[in-house]
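Input: a single structure, listed below in structure tokens.
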Amino acid sequence: MPVVIYMRDSNPVREGFSNGMGNVRNRLESMIAESLHSVAGYKDLKAELSIELDIPRISDHGDYASNIALGLTRHLKRNPRQIASEIVANLNDSDSILEKVEIAGPGFINFFIKPAAWYGIIREVLDNAKKYGRLEIQRGPKVQVEFVSANPTGPLHIGHGRGAAIGDVLANILAARGFQVQREYYINDAGNQMDTLGRSLYFRYRQELGEGLEFPDNHYRGEYMLDLAKDFKRSHGDSFRKTPLEEALPVFTDYAAERILDGIKEDLDIFGVHFDNWFSERDLHKIDSIAKTIEYFRERGFIYESEGAVWFKSTAFGDEKDRVVVRANGASTYFAADLAYHRDKFERGFESVVDIWGADHHGYVERMLAGVQAMGRTRDDLRIVLVQLVNLLRGGAPVAMSTRGGEFVTLREVIDEVGKDATRFIFLTRRTDSPLDFDLEVAKARSNDNPVFYVQYAHARLCSVFEVARDRGVEFDPGSVNDEAFRLLNLRQELDLIKQVGEFPEMVCECVRSLEPHYIPYYLHQLVSLFHSYYHDNRILTEDAELTQARLCLAWTIKEVIGNALELLGVTAPQKM
RNA sequence: GCGCCUGUAGCUCAGUUGGAUAGAGCAACGGACUUCUAAUCCGUAGGUCACAGGUUCGAAUCCUGUCAGGCGUACCA
């Protein structure tokens, strides 16, 4: 049974959501779910609906609010306030976490939580620090995340960097929620462009030997090709001076592709992105996979010949037109290779596959989904995340990204100038389908413009508190603190902080459901903002030993959650700043 | 022409699958350091959610149309 990873109630995204019973949200949800069965008419309902708990902006509306009664009105054809009161009347608060429950407005149910109920969250984090927010299960579904997959014809640019950060973090998030994740990079090392690449190097090499050849149009004329030509000359001398292009081409192509790919790997390594598998398109050709895939589809009736070409019937699954897989000249198309590639993915046992593509490939989505469905898979088995383009700016002015001249700012240059952490953080702070302005001056400024430092600073600050505590001889062992002390954490700010910590697992689930990492930076900002404010108004190390222990526990949980969230982002959590 | 994405504060962006009085950062203005890190905190101001209709108890969110920007519309990859 294929696993749909975005379904709200599907496992393992939310299954066993938290390890302990500390999670207030969970207990509330199951309480409501039970109560629903007592609501008149509910059992005969066919519609499925999920229980959504909102955190109201206004504190008068409680700690959590549910609009479940409003959602049921339509189905039950009954007054929402009436439904709400039935739900409330049947709540079984066995753990006694509810201070009071109110029905408000058109039929919202507002839950007010007893302060003591929140303290379980602290215990949970203290016990599971590094695992908090994660789901440890035996054998989660196998998921593949394929990303970057830039052609080995030039160095990575900033747009690839955005895709790299997003793919990497999505893989982290999926892994955190129990999926068995593989990170894969698809190397487009076959086809015309590789010949073009080889020819580009060949001409540069001949020029390097002092020949006055003219460099052909529509070839890779980036500066990196000049360096490659120099290196090639260094290692091969002039031994290819007389070799005709056709004969020499494979050598030049392989040399260029390999060297460029090495560069890509190095850049990704510096960026903190590491792949489990590098899948070469050439291997697809070697095992005749494309022809076999076409035959596979032919047997299923999705292949036909027309106008001398071979077509795939993608319109059978909603694509606007059928697509050519073998051209009239006998060459297979890129799409044919991609069909074979995706068939291979599923044959490798992945239950779900995530592709991260540049948004300029959106026209390609439907045919790929059609391909997947023709394999007998569902549309949901392949999830394509489109990443919008990055506009590179410096001090508000656009940086010329001329592809014509082959001159562009590489990812490597950006990382060198801005730093890995800030670069990743900025990439991850926007929704994937939203275009991103990346201003180099803003990104590298050690200023308030830069949210990454705001977050990292909080972590360093917290570490510093524990440092000072040690220096003052304050003993603290998160594992052996008496929970009785938590009752002293009764300030509004403290309860808000604990509540926010408690939302961490839910937030990660939301990332999985939507395949959007940007919730993490926003969550972090909110958590850290609460902390900075609290830190300003209160002292953690006080004269009162019991209070100090309680606050150190709170500080510890905040520090751990910041650390966990930053780890998901692949951003370092500094001890000092 | 057709298709997809985007349009929310001066700027950059959130808004959890239709919810209560529209959110944050930056910029602007005014305040707070003898303390565990001021890379911090507190406050003020800032809005016709591009526009016009529609759906309903309720719309930034869903539908239709218009406008603006980006991308895509290959027997390229």
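The values are calculated or read from the model by the stated rules, or taken from the named source; none is laboratory data. Just so it is clear, the model here is predicted, and its values are computed rather than measured. Quick reminder, even Gly has a Cβ in these numbers, built from the backbone with ideal geometry, and neighbours come from all protein chains shown. The area values use the complete protein model at the heavy-atom level, side chains included, leaving out ligands, DNA and RNA. Shrake-Rupley method; radii C 1.70, N 1.55, O 1.52, S 1.80 Å.
5 Å is the cut-off here: which amide hydrogens, built 1.01 Å from N in the peptide plane, fall below it relative to A:Arg383, excluding neighbours closer than 5 in sequence?
A:Val353, A:Val354, A:Asp355
On a 0 to 90° scale, report how tilted helix A:365-374 is relative to the longest principal axis of chain A, with both axes built from alpha carbons and the result rounded to the nearest 10.
90
Across the Cα atoms of region A:158-272, what radius of gyration and what greatest pairwise Cα-Cα distance (Dmax) are found, in Å?
Taking only Cα atoms of region A:158-272, I get Rg and Dmax of 18.0, 60 Å.
Per 20 Å bin, what is the whole-percent P(r) computed from every C-alpha pair distance within chain A?
18, 43, 30, 9, 1
Rounded to the nearest 10 degrees, what's the angle between the helix A:192-208 long axis and the longest principal axis of chain A, both from Cα atoms, 0 to 90?
In chain A, helix A:192-208 runs at an angle near 60 degrees to the longest axis.
What is the helix-to-structure angle for A:504-514, meaning the angle in degrees between its Cα long axis and the longest Cα principal axis of chain A, kept from 0 to 90 and rounded to the nearest 10?
So the inclination is approximately 40 degrees.
Where Lys and Arg each count +1 and Asp and Glu each count -1, what net charge lies around A:Lys499 among other residues with Cβ under 12 Å from its Cβ?
-3
Just to be sure I understand the model, the point goes 7 Å from the Cα along the line to the Cβ. What's the resulting A:Glu99 to A:Thr378 distance in nm?
Reported label-point gap for A:Glu99 and A:Thr378 is 4.2 nm.
Subtracting the Cα-Cα distance from 0.36 nm times the residue separation, let me have the gained length for A:Gln526 to A:Lys265 in nm, one decimal.
Full extension from A:Gln526 to A:Lys265 adds 90.5 nm.
Determine the relative contact order of chain A: mean sequence separation of Cα pairs under 8 Å and six or more apart, normalised by residue count, in whole percent.
It rounds to 16 percent for chain A.
Would you mind getting the accessible area per residue of chain A, heavy atoms of the protein chains only, 1.4 Å probe, in Å²?
Accessible surface, normalised per residue, equals 45 Å².
Treat each spin label as a single point 7 Å out from the Cα along the C-beta direction, and report the A:His37 to A:Lys230 distance in nm.
Taking the simple label geometry, A:His37 and A:Lys230 are separated by 7.5 nm.
Can you give the FRET efficiency for A:Lys142 and A:Arg472, using 1/(1 + (r/R0)^6), R0 = 35 Å, r = Cβ-Cβ distance, to the nearest 0.05?
Rounded to the nearest 0.05, the efficiency is 0.10.
Using a 1.4 Å probe, how large is the accessible area of A:Lys130, given in Å² and rounded to the nearest 10?
Accessible surface of A:Lys130 is approximately 130 Å².
Any chance you could check the Cα centroid distance between region A:90-132 and region A:183-199 for me, in angstrom?
55
Working with all protein chains in place, sort A:Trp357, A:Trp278 by solvent-accessible area computed with a 1.4 Å probe, largest first.
A:Trp278, A:Trp357
Describe numerically, in nm with one decimal, the distance between label points set 7 Å from Cα along Cα→Cβ at A:Arg431 and at A:Tyr454.
It works out to 2.0 nm between the two label points.
Here are some pairs, A:Lys131/A:Lys345; A:Lys131/A:Lys559; A:Lys43/A:Lys114; A:Lys131/A:Lys420; which of them have Cα atoms lying more than 22 Å apart in this structure?
Pairs exceeding 22 Å: A:Lys131/A:Lys345; A:Lys43/A:Lys114; A:Lys131/A:Lys420.
Convex hull over the alpha-carbon atoms of region A:425-549: what's its volume per residue in Å³?
127
Report A:Tyr334's accessible area, 1.4 Å probe, all protein chains in place, as a number in Å² to the nearest 10.
100
Could you give the length gained by full extension between A:Lys77 and A:Glu567, i.e. 0.36 nm per residue of separation minus their alpha carbon distance, to one decimal place?
Gain on extension, A:Lys77 to A:Glu567, equals 171.6 nm.
Checking the cross-link filter: which aspartates and glutamates have an alpha carbon closer than 16 Å to that of A:Lys313, excluding same-chain neighbours under 8 positions apart?
Of all the aspartates and glutamates, those that pass the test against A:Lys313 - Cα under 16 Å, at least 8 places apart if same chain - are A:Glu295, A:Glu299, A:Glu305, A:Asp322, A:Asp338, A:Glu366.
Taking R0 as 35 Å, what's the FRET efficiency between A:Arg282 and A:Gln207 from their Cβ-Cβ distance, rounded to 0.05?
0.80
How high is the relative contact order of region A:277-363, in percent, counting Cα pairs under 8 Å that sit 6 or more residues apart?
Over region A:277-363, the number comes to 21 percent.
How much FRET efficiency would the formula 1/(1 + (r/R0)^6) give for A:Lys131 and A:Glu246, where r is the Cβ-Cβ distance and R0 is 60 Å, rounded to 0.05?
Computed FRET efficiency for A:Lys131 and A:Glu246: 0.50.
For chain A, what is the calculated [θ] at 222 nm in deg cm²/dmol (nearest 500), taking -39500 (n - 2.57) for each run of four or more DSSP H residues and dividing by its residue count?
Roughly -15000 deg cm²/dmol at 222 nm, from the helical runs in chain A.
Quick one: net charge of A:Ser85's neighbours, Cβ under 12 Å, K/R +1, D/E -1?
With Lys, Arg at +1 and Asp, Glu at -1, the neighbours total 0.
Could you please state, rounded to a whole Å, how far the C-alpha centre of region A:517-539 is from the C-alpha centre of region A:548-566?
So the separation of the two Cα centres works out to 12 Å.
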